[in-house]
1. Holding the Cα-Cα limit at 31 Å, pick out from 162/397; 181/268; 90/371; 147/316; 298/449 the pairs that are longer than that.
2. Add +1 for every Lys or Arg and -1 for every Asp or Glu among the other residues with Cβ under 13 Å from the Cβ of residue 286, and state the total.
3. Can you give the % of DSSP beta bridges in the chain that are antiparallel, to the nearest 5?
4. Once every DSSP H run of n ≥ 4 in the chain is given -39500 (n - 2.57) and the sum is divided by its residues, what mean residue ellipticity at 222 nm do you get, rounded to the nearest 500 deg cm²/dmol?
5. Starting from the residue with the highest accessible area, list 295, 196, 218 in decreasing order, probe 1.4 Å.
6. Consider a paramagnetic label point 7 Å from the Cα of residue 389 along Cα→Cβ; state which residues of the range 326-345 have an amide N under 20 Å from it.
7. Please sort by residue number the trypsin sites (Lys or Arg not before Pro) in the range 132-180 whose DSSP state is loop and whose Cβ has at most 16 other Cβ atoms within 10 Å.
8. Projecting each Cα onto the charge dipole of the range 304-459 (Lys/Arg +1, Asp/Glu -1 at the beta carbon, about the Cα centre), which of 375, 436, 452 comes out farthest on the positive side?
Amino acid sequence: MHSKSSTIRNHRAATALAALLAGALALTACSGGDDKKKDDGGESGGATGSTVTLPKLDGANLEVAAVWTGTEQANFKKVLAEFEKRTGAKVTFVPAQDPIINFLGSKIAGGQPPDVAMLPQPGAIKQAVEKKWAKPLGAEALKELQKNYSPGWQDIGKVDGKQYGVYYKAANKSLIWYNAKAFANAGAKEPKTWQDLLTAAQAVYDSGVTPFSVGGADGWTLTDWFENVYLSQAGPEKYDQLAQHKIRWTDPSVKQALTTLAQIWGKKDFVAGGADGALQTEFPASVTQTFTGGDQPKAAMVYEGDFAQVNIGDTKAKVGTDAKVFPFPAVGSSAPVVSGGDAAVILKDSKAAQALATFLASPDAATIQAKLGGYLSPNKNVPDSAYPNPVQQTIAKALIASGDDFRFDMSDQAPQAFGGTPGKGEWKDLQDFLKNPKDVAGAQAKLEKDAAAAYGNGS
């Protein structure tokens, strides 16, 4: 699924990135201002200087489908509005459901596919190509991609060497957000290693606050926990093998990762609401409950990507002062760097659809959403100053600095039946494991059975 060049990566570079992120986050946590980088956009607030030529599309109508809701959807609609302004096309946002491949399948069966879909998994792009739904990108979009993206980010939008996806949105999924007041009251320090994390959690617990909030109602948050532990502990080569199901989920490396996870998931009173409470907590609430309740939040820490800022924004907590962040600690020899993202894929080829893909590959589109916060672009020509606060600027710099030395979210590389379907496959198996973290072997057996069925191999 990954081409070779995007999977053979340098372990040291990932370690260096984690160090850069740690150092920079420590700095930005206390720095107020941001150093003004040169911005293509001239005056802030105005339209960013146009770096991309778009055709006139008066009278054209486009539908764009994505699973985004709330603030994220509202912010993306502002990007689409700018495309409308520049081209004269009319763009309608179509709210989709997970798994998006099933949603698109029913639209296509009804003869009404959207023109463009934002696909949250490389596995979904591959399926869209296999089903002959996806259309390759044209010359203009390719030119824009090659100008603005590292080869690794281009590669994960390719299937069999052909470019289908524009990664418009990225995620740095190796972050733990924490309630600064709860940490200060507990005398807890930002951890560098897994052992440090357990020590900090114990200090928080002893101070009368539950250490972790887990959004277990959304199975994908649990896959992300697993991937960070696995990448750091088993290493990148094993990670790639498991992502492609070249090794089984019954492998000793998986046992080790699940056993490590159980040190948090299985410790009584370390998870807000216990396992049952976590399994009823959806991701947005897992974030907001960490940053509400004054001195007695429901939890002191919540693991998830940079996009958690959107949810922190729904509380009174300020990012950088009340809500701080540290990189996911090193479980093995180096800290993990796991990334995710959403790619624009054309389902109905037209001049307008190609123009939208070209626009989404440009710094112009990404800069609009970057300024609104809670968003990260893999586009290396988006100026740092476009991001609204020092923490966000640091996370963006770290992602770009990693070049091709990141690992893409493992469950997002898997067939959707295994890695992207609520109540099924890996999502469900890890929810069951959260409920019963003592049964490591049982969890492994279920994961392997479901993976073998979805990948169509028993490897």
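The values are calculated or read from the model by the stated rules, or taken from the named source; none is laboratory data. Since this is a predicted model, take the numbers as computed values, not measurements. Virtual Cβ from ideal backbone geometry, glycine too; neighbours counted across all protein chains shown. Calculation scope for accessible area: heavy atoms of the full protein, side chains included, ligands and nucleic acids excluded. Shrake-Rupley method; radii C 1.70, N 1.55, O 1.52, S 1.80 Å.
1. On the way: 162/397 28 Å; 181/268 23 Å; 90/371 23 Å; 147/316 39 Å; 298/449 36 Å.
147/316; 298/449, as the Cα separations exceed 31 Å there.
2. Details: positive: 298; negative: 218, 224, 282, 304, 314.
Taking every other residue near residue 286 into account, the sum is -4.
3. Expressed as a percentage, antiparallel bridges in the chain total about 60.
4. Numbers: 22 runs with 218 residues, N = 459.
Calculated at 222 nm, the ellipticity per residue is -14000 deg cm²/dmol.
5. Working: 295 85, 196 65, 218 40 Å².
Descending accessible area places them as 295, 196, 218.
6. From the range 326-345, the list is 326-328.
7. Values: sites: 132, 143, 147, 158, 162, 169, 173; in loops: 132, 173.
Of the trypsin sites (Lys or Arg not before Pro), the ones in loops of the range 132-180 whose Cβ has at most 16 other Cβ atoms within 10 Å are 132.
8. Final value for the positive-end residue is 375.
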